[in-house]
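I have placed the structure first, in the form of structure tokens, so that the comments after it can refer back to it.
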Amino acid sequence: MPEVRCNDMQVNVAGRTLRLVQGDITEQDVDAIVNAANKTLLGGSGVDGAIHRAAGPELLTECKRIRQEVLGGAYVQTAQPVMTNGYRLKARHVIHVVGPICGIDPNPDRLLAAAYRNCLQLAAEAGLKSVAFPSISTGAFGCDVRWASRIALGTIVDFLRGSGDAAGASEKDAAERIERAGMGEAKARDAATSHHGPGGIAEVRMVLFTRADYDVYAEALRAVLAES
Ligand code: ADP
């Protein structure tokens, strides 16, 4: 597989690019960056705090509005993505998703896979071409990075090949997710019925904050590709 730089590796999966980079997700020039949010949707530590700082206060205002007007004040559920604008970020959108808390949430493997898959599905339904993920759940949420890297990359590769598990991606669920993300109901229904796969997504990027995490993800990517 071609290695562009020692900390930038990209592979072709079913005609689309899967790229691993070491860097800061707030600096990525993509259609959407994913935020490893918490259930309040109101910001926090780690990558969540960094994204809110870089996007500016308008991001928190939109998150508060969604919490009140769309979620009726309730917490967002684990693995259910919510899309907002990107404000001062280079990325036009932020997809907020809560990963599992390891040692607390049951079935963290299924929840982590669903978090990645649902974000990709939402991005495809919204017609986005490039999406960047951080390493969800491997900071404050305590999951092992080796374990998480295999699930993250296995799920992304399956999705890009169009062979992702359809769980949680029924038309109704998809329409609800898009509605929550602020699109109109009719548009949500159209989008939900027109895409059930990678759609127009041309690049998925995993952005690893540390060299150590980058190395773990690079090893996991080789393993995932060798197994499939
Ligand atoms: P979680 O609560 O889902 O565990 P955290 O934000 O605590 O989320 O950590 C998730 C990952 O995000 C960690 O690997 C952490 O190193 C990484 N991270 C923190 N800041 C950034 C950033 N600016 N860009 C990319 N990744 C980041």
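Each reported figure results from applying straightforward, stated rules to the coordinates on display, with no laboratory input. For clarity, every value in this text was computed on a predicted model and none was experimentally measured. Note: ideal-geometry Cβ built from the backbone for every residue, glycine included; neighbour counts use all protein chains shown.
With a Förster radius of 35 Å, plug the Cβ-Cβ distance of residue 129 and residue 104 into 1/(1 + (r/R0)^6) and report the FRET value to the nearest 0.05.
Working: r = 35 Å, r/R0 = 1.01.
The pair residue 129/residue 104 has a calculated efficiency of 0.50.
Remind me, relative contact order of region 1-132 in percent, using alpha carbon pairs under 8 angstrom and six or more residues apart? Show your work: numbers first, answer last.
On the way: 211 pairs, mean separation 34.9, N = 132.
Relative contact order for region 1-132 comes out at 26 percent.
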Note to self: To the nearest 20 Debye, how big is the dipole of region 1-152 about its Cα centre, given +1 on the beta carbon of each Lys and Arg and -1 on that of each Asp and Glu?
What the structure shows: 120
Check: How many nm separate the modelled label positions at residue 64 and residue 45, each set 7 Å beyond the Cα in the direction of the Cβ?
Finding: 2.4
